[in-house]
Amino acid sequence: MEPAGLLLAAGGGTRYGMPKALVSDGGTLWVDRALGVLRDGGCAPLVVVIGAAAAEVRAQADLGDAIIVENTGWADGMGSSLRAGLAALGPTAAPAVVVMLVDTPGITPDAVRAVGTHAAPGALALATYGDRDGHPVLLGRDHWPGVVELATGDSGARAYLRNNPDTVVRVPCDRIADGADVDAPGPA
């Protein structure tokens, strides 16, 4: 069974100088590129959480058939966006969700597929790059209530994953993707 895809793209991009959903690389907005990566990685349905500059994102992006969730509490941090996205997926039949951040443009469909192969209600998986944990992250449906409970500020699912180390499957992705978060314009 295929996982859903959840793109967190609500932040204001304070360090970047603009909302990262609206950053354009080669004429393609990061939000559009990231949704395409989730789609091409085999995720369905797709949910995108927007917040800062939501009207501009809606006007400029091609979000296609994605479920759009506007997080009015986006300034509270990534945790609020993760909670909003999981709530939108609640009524779906998805056994799990692959979560991706809009500011990780080096993630590929291959990395999404590699992490997504673990999709099951009780699964937790994440991409690794060398000895560093990163994105995408897979959250099985059985874990969503616990993730929601601990997702505060900018930590997202981090606290929940740390509390369940024996359940987390680490998927090496350094040969198929670059999981670096881009926090400022210019060369990474």
**Item:** Residues of segment 103-139 classified as of a type in the set (A, V, I, L, M, F, W, C) and closer than 16 Å to Ala157 by Cα, total
**Value:** 9
**Prompt:** Which one is farthest from Val37 (Cα to Cα) among residues in segment 62-76 that are among the acidic types (Asp, Glu) and not in a strand (DSSP E or B)?
**Reply:** Asp76
**Extreme residue, surrounded by the fewest Cβ atoms within 10 Å (Cβ to Cβ), among residues of segment 134-163 that are over 14 Å from the mean Cα position of the chain (by Cα) and acidic (Asp, Glu)** = Glu149
**Message:** Looking for something under 23 Å from Gly12 (Cβ atoms) and hydroxyl-bearing (Ser, Thr, Tyr) - is there at least one such residue anywhere in segment 88-105?
**Reply:** yes
**Request:** Check whether at least one residue in segment 103-124 is among the acidic types (Asp, Glu), in a helix (DSSP H, G or I) and without any contact (Cβ under 8 Å) to a residue 60 or more places away in the chain, and report yes or no.
**Result:** no
**Asked** For segment 131-181, which residues satisfy the criterion of being at pLDDT 95 or above, of a type in the set (S, T, N, Q) and part of a loop (DSSP other than H, G, I, E, B)?
**Response** Asn164, Thr167
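The values are calculated or read from the model by the stated rules, or taken from the named source; none is laboratory data. These numbers come from a predicted model, not from an experiment. Here Cβ is always computed from backbone atoms with ideal geometry, including for glycine, and neighbour counts include all displayed protein chains.
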